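Below is one structure, written out as structure tokens; comments come after it.
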Amino acid sequence: MQQAIEMNHRDIEDIQASFSAAYARKAAVGDRFYLHLFRILPETKCLFAGDRSRQKEVFASMLTCCFQSMVSRDRPVHACNALAGTHAGVGFGLRQEEGASKALMAALQDVMGNDLTETQSAIWQRAVARVMRMVVAAD
């Protein structure tokens, strides 16, 4: 069972607002994510040669999974488990985990700019790291 990141009421309000803004711009965040990912980990480009529309759906699920890992307390995060399952067997290790985390944080910063506060960014970083660890563990 996934444990939520410990947050106070204000943190939850902040992160809900940032998630809404990021999700509303998920196509732009996704485009920037892949741009950064392929720059950081060029060898991953061949993993994404298939259906781009399907990949955008998976990316939206990843954003949702990160958000759920921040605020869910008592229930498993099914989206995170499904996301980990879709990445099983592709050979993700620590280097890929770190690269994907950096790529997602850079994409959020690119698209959200000053709308993403330092507090929100720190919470997102913890959530993204947790989700990436799940993806690596599934492999």
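Can you name the residue in region 33-54 that is farther than 19 Å from Glu97 by Cβ and basic (Lys, Arg) and, of all such residues, is modelled with the lowest pLDDT? So, considering only residues that are farther than 19 Å from Glu97 by Cβ and basic (Lys, Arg), the one modelled with the lowest pLDDT is Arg52.
Among the residues of region 40-54, the ones that are in a helix (DSSP H, G or I), without any contact (Cβ under 8 Å) to a residue 12 or more places away in the chain and not hydrophobic (A, V, I, L, M, F, W, C) come to 6 in all.
The values are calculated or read from the model by the stated rules, or taken from the named source; none is laboratory data. The structure displayed is predicted, hence computed values, not measured ones. All Cβ positions, glycine included, derive from the backbone under ideal geometry; neighbour counts span all protein chains shown.
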